[in-house]
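**Q** Take this structure first; my questions come after.
The values are calculated or read from the model by the stated rules, or taken from the named source; none is laboratory data. Predicted, not measured: the structure shown is a model, and the values here were computed from it. Note that each Cβ is placed from the backbone with ideal geometry, even for glycine, and that neighbours are counted across all protein chains shown. The accessibility values were calculated without ligands, DNA or RNA, using every heavy atom of the protein model including side chains. Shrake-Rupley method; radii C 1.70, N 1.55, O 1.52, S 1.80 Å.
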Amino acid sequence: MAFVNPFRLPGHWLRGNTHTHTTRSDGELTPEARCAQYRERGYDFLVLTDHDLVAGDAESFGAEDFLVVPGAELHPSNPNGGDIYHIVCINIREQIDARNLSVREVLEAVRAQGGLAVMTHPYFSGHLLGDYEPVPGMYFAMEVFNGIVERVNRTGSAELLWDAHLDRMGCVFGIAADDAHAAEIDTGRAWLMVRAGDLSIESLVEALRAGAFYATQGPVIENLEVEAGAGGRARFRVTSSPAAEVRFKGRTSTGTVVCAPEGGAITEAEYICTGAEKYIRVVVVDREGKRAWSNPVFLADLAT
Ligand SMILES: [Zn+2]
Ligand SMILES: [Zn+2]
């Protein structure tokens, strides 16, 4: 799959949360109040993902400057090792009886509706690669960070499993999301910045499907340059909001970490690959430890 660099695309940056609960399942705010809350906090889009329930009327909660996308969080059973699946579905409009379907059947139904599936909070669910291997390529992303799970039991981060997937199973994009349940304290913990042509479901879904986004708890990735090089010696250069360190993460121990001087901050960092990395993804870490995650760039996908 060709690498799509969101920083090279025309369009606009849209801030959004892809994982949200309301009083229609176990969230504490009504759909109206939840959507108003995110809009007031400066978000551009929100995906409503109540458990087992598609929000077919989601768009009616939007405004001219705020897009609400129909979705659901679906729970097929899991015979593959971990707990029951929690699959966030973006842009589905028809109900799917997931509790009575296999994970493959659910993912096929999501695809048939033109939707996108996200494997959520894998650490919280006890998921390892074995839970994903029966359905390769049928989901476009996994949650590398989930806000409520981090708040409640500090297992919101899934970077280890993300790297295992990238190394052993191939590309999957990384999402950070609130998974908002509580009225206030879950909102604004983690979000996506998506490079889309305009504020429409069609443009948003197209951008998500292509990986034209990054995930963040706060740090801003301002630019990412990627240049192919002979022998896999690709050059990566990132500029960002003030950072304590920038990680260029390849498979296993490849890549590097560029650190700010003691007490200082950096706003740019560069890495030239050795050819052993397989892929590189960039993580910008601020002085509070908050992170922003680029999507992975597979070196084989770069034209030389
Ligand atoms: Zn869940
Ligand atoms: Zn959820």
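**Q** Each residue of the stretch 92-99 in order: what ³J(HN,Hα) in whole Hz does its phi give by Karplus 6.51 cos²θ - 1.76 cosθ + 1.60, θ = phi - 60°, with x for Gly and Pro?
**A** Going residue by residue, I get 10, 10, 9, 5, 10, 7, 5, 5 Hz, with x marking Gly and Pro.
**Q** Dipole of the stretch 95-145, Cα-centred, from +1 at each Lys and Arg C-beta and -1 at each Asp and Glu C-beta, to the nearest 20 debye? Before the final figure, lay out the partial values.
**A** Values: 3 positive and 6 negative charges, 14 e Å.
Roughly 60 debye, rounded to the nearest 20.
**Q** Can you compute the charge dipole magnitude of the stretch 204-243 about its Cα centre, using +1 on each Lys and Arg Cβ and -1 on each Asp and Glu Cβ, nothing else charged? Give it in debye, rounded to the nearest 20. Numbers along the way, then the final one.
**A** Working: 4 positive and 4 negative charges, 32 e Å.
I would put it at about 160 debye.
**Q** Percentage of Cα-Cα pair distances in the stretch 172-304 greater than 20 Å, rounded to whole percent? Each step should come with its number before you reach the end.
**A** Working: 4417 of 8778 pairs.
Counting pairs separated by more than 20 Å, the tail of P(r) holds 50 percent.
**Q** Let me ask something else about it. Roughly how many whole Å is it from the C-alpha centroid of the stretch 96-152 to that of the stretch 272-292?
**A** 25
**Q** At 1.4 Å probe size, with every protein chain present, just tell me what the per residue accessible area of the chain comes to in Å². Present the calculation step by step, with values, prior to reporting the outcome.
**A** On the way: 12370 Å² over 304 residues.
It amounts to 41 Å² per residue over the chain.
**Q** Same structure again: Got a number for carbon plus sulfur as a percent of the chain's accessible area, 1.4 Å probe?
**A** Working: 6170 of 12370 Å².
The C+S portion of the solvent-accessible surface of the chain is 50 percent.
**Q** Still on this model: Do you know the relative contact order of the chain, to the nearest whole percent, from alpha carbon pairs under 8 angstrom that are 6+ apart?
**A** The normalised contact order for the chain reaches 16 percent.
**Q** Next question. Using a 1.4 Å probe on the protein heavy atoms only, what accessible surface does Trp13 show? Give it in Å² to the nearest 10.
**A** Looks like 80 Å² after rounding.
**Q** Given +1 on the Cβ of Lys and Arg, -1 on the Cβ of Asp and Glu, and no further charges, what dipole in debye does the chain carry about its Cα centre, rounded to the nearest 20? Spell out each step's value before the answer.
**A** Details: 27 positive and 42 negative charges, 190 e Å.
Once rounded to the nearest 20, the dipole reads 920 debye.
**Q** Hey, another quick one. Would you compute, from DSSP H runs of 4+ residues alone, the mean residue ellipticity of the chain at 222 nm, taking -39500 (n - 2.57) per run and dividing by the full residue count, rounded to the nearest 500? All intermediate terms of the calculation are to be shown ahead of the outcome.
**A** On the way: 6 runs with 51 residues, N = 304.
The helix-only estimate for the chain comes to -4500 deg cm²/dmol at 222 nm.
**Q** Given Val220, Gly170, Ala109, which one lies farthest toward the positive end of the charge dipole of the chain, if we put +1 on the Cβ of every Lys and Arg and -1 on the Cβ of every Asp and Glu?
**A** Of Val220, Gly170, Ala109, it is Gly170.
**Q** In percent, what relative contact order does the stretch 91-164 have, based on Cα pairs under 8 Å that are 6 or more apart in sequence? Please list the in-between numbers first.
**A** Details: 83 pairs, mean separation 21.5, N = 74.
Computed value for the stretch 91-164: 29 percent relative contact order.
**Q** Right, here's the next one. Farthest toward the dipole's positive end in the chain, which of Pro31, Ile272, Val246, given Cβ charges of +1 (Lys, Arg) and -1 (Asp, Glu) about the Cα centre?
**A** Ile272
**Q** Grab the alpha carbons of the stretch 85-204, take their convex hull, and tell me the volume per residue in Å³. Don't skip to the end; give the middle numbers.
**A** Working: hull volume 15.2 nm³, N = 120.
Residue-normalised Cα hull volume stands at 126 Å³.
**Q** Also: In whole percent, what relative contact order does the stretch 151-222 give with Cα contacts below 8 Å and a gap of six or more residues?
**A** Numbers: 66 pairs, mean separation 17.9, N = 72.
Computed over the stretch 151-222, the figure is 25 percent.
**Q** Also, quick follow-up: Tell me, Kirkwood radius of the stretch 26-146 from alpha-carbon pair distances, in Å?
**A** Numbers: mean 1/r = 0.0673 Å⁻¹.
One decimal place: 14.9 Å for the Kirkwood radius.
**Q** Rounded to two decimal places and with Rh computed the Kirkwood way over Cα pairs, what is Rg over Rh for the stretch 1-89? Present the calculation step by step, with values, prior to reporting the outcome.
**A** On the way: Rg = 15.4 Å, Rh = 14.5 Å.
Rg divided by Rh gives 1.07.
**Q** Next question, about the same structure. Could you tell me the largest-minus-smallest coordinate of the C-alpha atoms of the chain on each of the three principal axes, in descending order and whole angstroms?
**A** The Cα atoms of the chain stretch 50, 41, 37 Å along the principal axes, largest first.
**Q** What ranking, highest mean first, results for peptides 37-45, 69-77 when packing means the other Cβ atoms within 10 Å averaged over each residue? Walk me through the numbers before you get to the answer.
**A** Numbers: 37-45: 17.2, 69-77: 23.3.
So the peptides 37-45, 69-77, ranked by packing, come out 69-77, 37-45.
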